[in-house]
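The values are calculated or read from the model by the stated rules, or taken from the named source; none is laboratory data. Because the structure is predicted, anything quoted here is derived from the model rather than measured. Neighbour counts are summed over all protein chains in view; Cβ atoms, including those assigned to glycine, are modelled from backbone coordinates with ideal geometry. Surface areas here come from the heavy atoms of the whole protein model, side chains and all, with no ligands, DNA or RNA. Shrake-Rupley method; radii C 1.70, N 1.55, O 1.52, S 1.80 Å.
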Amino acid sequence: TAPFDSSVILRSKGIVWMASFPGIQGEFSLAGHHISLVPGNPWWAEIDKEHWPEGLEAALKPLWDEAYGDRQQEIVIIGKDLDKDAVTAALDKCLLNDEEMCLEMDAWNQMSADAGDPFYEDWYTAIESMAGNHEHDH
């Protein structure tokens with residue numbers, strides 16, 4: 001059975017950092033045969049600290065990276081007879097490798113464009129429609 005077969009993975013959700021849209025979180029959800037990956041809130045690293053709620057800086061300190069801030073992958077997977085190693089291997093293939101991580105964000109955008117980013121048009125449209133309407137409610 002493939003690692004993402006709906007008889008194996010019953011539910012999954014979380015946030016992802018997409019190289020092609022580094023300023024905002026991706027909200028990932030999978031339930032049965034329905035899967036979505038939509039633009040979410042901006043990463044806190046994109047927001048001036050003067051606009052952060054009290055206590056946030058201390059709360060983020062354990063995961064904060066000087067180069068990338070709070071950007072991360074955080075996905076919870078609920079399954080039946082789940083092959084953790086196969087799922088982990090499949091998800092790891094989605095990550096940039098060490099060499100790619102050393103490149104600038106502009107290079108990531110170009111790599112994504114060259115690969116035919118399936119999210120670009122929908123995400124760009126959604127982000128444009130949210131422009132100016134975002135309240136900092138994380």
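Kindly check whether there is at least one residue in segment 42-65 that is under 26 Å from residue 130 (Cβ atoms), aromatic (Phe, Trp, Tyr) and touching a Lys or Arg at 6+ places or on another chain (Cβ under 6 Å). Yes, because at least one residue in segment 42-65 is under 26 Å from residue 130 (Cβ atoms), aromatic (Phe, Trp, Tyr) and touching a Lys or Arg at 6+ places or on another chain (Cβ under 6 Å).
In segment 56-78, the residue that is surrounded by the most Cβ atoms within 10 Å (Cβ to Cβ) out of those that are under 16 Å from residue 95 (Cα atoms) and charged (D, E, K, R) is 71.
There is at least one residue in segment 94-107 that is open to solvent by 100 Å² or more (accessible area, probe 1.4 Å), under 18 Å from the mean Cα position of the chain (by Cα), at pLDDT below 90 and within 26 Å of residue 10 (Cα to Cα).
Only one entry in 66, 74 is of a type in the set (D, E, K, R), under 27 Å from residue 109 (Cα atoms) and touching a residue at least 40 places away in the same chain (Cβ under 8 Å), namely 74. Being open to solvent by less than 40 Å² (accessible area, probe 1.4 Å) and free of Cβ contacts under 8 Å to residues at least 40 places away in the same chain is the filter; apply it to segment 35-44 and report the residue that is nearest to residue 13 (Cα to Cα). This residue is 36.
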